[in-house]
Each structure stands twice: as structure tokens, then as C-alpha cells.
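This report refers to the structure that appears directly beneath it.
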Amino acid sequence: MAGQDMDMRMRILLAAKKLFAKNGYDATSVRQICEEAGANVALVSYYFGGKESVYHEIFRQFFPSGRLPEFLSIEDPVEGIQTIIREVILIRNADLDLITMMQREIITVSTRVEKIREFVYPLWQKVRDFLEKGRQQGLFQFESLDSTLMFVLGSMFFYKQRDFFELLFTEERPDTQTLIRQTTTYIMNALGYRGKGE
């Protein structure tokens, strides 16, 4: 029975993640989630206590918080920035629904933003620390730490879906490794990084 419960809980979470990403939190009902999951409506209350708790549980289940200690232990600012760029793009490409959910809430500054901050702020604070440390060491050159942090986060996290701009593009959609390389090159150039000892 425990295995069946876990399977149904996960089906509800996956259905909710898909629908929250597609329609937004407010436009998604518990009934729609349960129809998508093939679950009885009463199970959302039974397992989670309500829709808001489902939303929070999605982040507990799918946001890779377990990876944070390895990022937080990096000391070198260049290695740190490059590692976070790579990992954020990998996470973003692996779970577009989770990223879309986050972006929707951040853009609308919903009441759920505080919960998202609990998950992402340790990583974003580490990016800020790497930027400041790199500037102090003469590795990065930029005027405003706050603005630069926003530019860097925007480049790696808020990279929009290509579909809207597709008519402007002439190149094939880059694969993940190419996108990591291009984003890393772009950000490091923007930071004025010319290599250590140069």
C-alpha cells in the first residue's frame, strides 16, 4: 500500500507541475490536477492538505537542493561561476516545467515567491559572492555588483523559450552543451575575464 500511495502522490505532483507551468497556479484547479493524475479529488487534501501545499511539495521534490553543498564549497570565483552556469542550464533543460513555474511566480511577484526564495537564494547569494570575490581579485571588471548579478542571473536562468523569436533566427537550436559553452563565453566576456595571470 505504501508503494501505491507514493506512486499516487508522485502522479499528483507531476500532474500539478505540468499544469502549473502551462496555466499558472491560479488558473489550475485541484480538480484539473486530479483529472491529469487520474486521482480522486479528495487525495490532494489527504496527501498534501491543499493546492498550496502541493505547490511547495513540488519544490521539495524536484528542486535539486541536494546539489547546493557542492556549489557552496567552491572557493575559486571563476570555477564557481562556470560551474553554476553549467548546472543551472542542465537543471533548466532537464525540468522546463519547474523553471517555468518559478519564472511565472517571480515575474508576477506572487505570494509564493517567498517559498521560491528559500530554495534559490542560497545559490544566487553564492553567485553574488563569486562576482564580488572575482572583482576583488582583479579577475572580473564591472561597475555595479547588483546590476551585474541581475545580468548574470538573467543570462543563465531567465533565458526565454525560443519560440516567440523563432522567425528571427537562422541557426539551428543549440544542443545543451553548445548552449552551456555559449552562455559561459558570453558571461565571462561580459565580466571582463581574460584568464588568470593575464
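A helix-only calculation puts the chain at -22000 deg cm²/dmol for mean residue ellipticity at 222 nm, using -39500 (n - 2.57) for each DSSP H run of at least four residues, averaged over all residues.
For the peptides 40-49, 173-182, residues were scored by their other Cβ atoms within 10 Å and the scores averaged per peptide; the highest-first order is 40-49, 173-182. Taken along the Cα-to-beta-carbon direction at a fixed 7 Å, the label points for Asn93 and Leu145 span 3.2 nm.
Long hydrophobic helices in the chain, taken as whole DSSP H segments with a C-alpha length of 24 Å or more on their own axis and mean Kyte-Doolittle hydropathy at least 0.5: 77-94. Entry comment: accessible area of region 76-198 is 58 Å² per residue, from protein heavy atoms only and a probe of 1.4 Å.
Using Cβ point charges alone (K and R +1, D and E -1), the dipole size of the chain about the Cα centre works out to roughly 160 debye. Please give me, ordered by residue number, the GluC sites (Glu not before Pro) of region 5-108 that lie in loop per DSSP and have at most 14 other Cβ atoms within 10 Å. Those that pass, being in a loop and sparsely packed, are Glu75.
Taking other residues whose beta carbon is less than 14 angstrom from the beta carbon of Lys18, and scoring Lys, Arg as +1 and Asp, Glu as -1, yields 0. Taken about its Cα centre, region 47-148 carries a charge dipole of about 220 debye when Lys and Arg each add +1 at the Cβ and Asp and Glu each add -1 at the Cβ. Taking 0.36 nm per residue of separation and subtracting the Cα-Cα distance, full extension of the segment from Gln137 to Leu72 would add 21.5 nm. Considering only Thr83, Gly138, Ser45, and ranking their Cα positions along the charge dipole of the chain that arises from unit charges at the beta-carbon of Lys, Arg, Asp and Glu, the one farthest toward the positive end is Ser45. Using a 1.4 Å probe on the protein chains only, how many percent of the accessible area of the chain belongs to carbon and sulfur? Solvent-exposed carbon and sulfur of the chain make up 53 percent of the total.
The values are calculated or read from the model by the stated rules, or taken from the named source; none is laboratory data. Computed from a predicted structure; not experimentally measured. Cβ atoms come from the backbone with ideal geometry, glycine included; neighbour counts cover every protein chain shown. When the accessible area is computed, the model is the full protein with side chains, heavy atoms only, and any ligands, DNA or RNA have been set aside. Shrake-Rupley method; radii C 1.70, N 1.55, O 1.52, S 1.80 Å.
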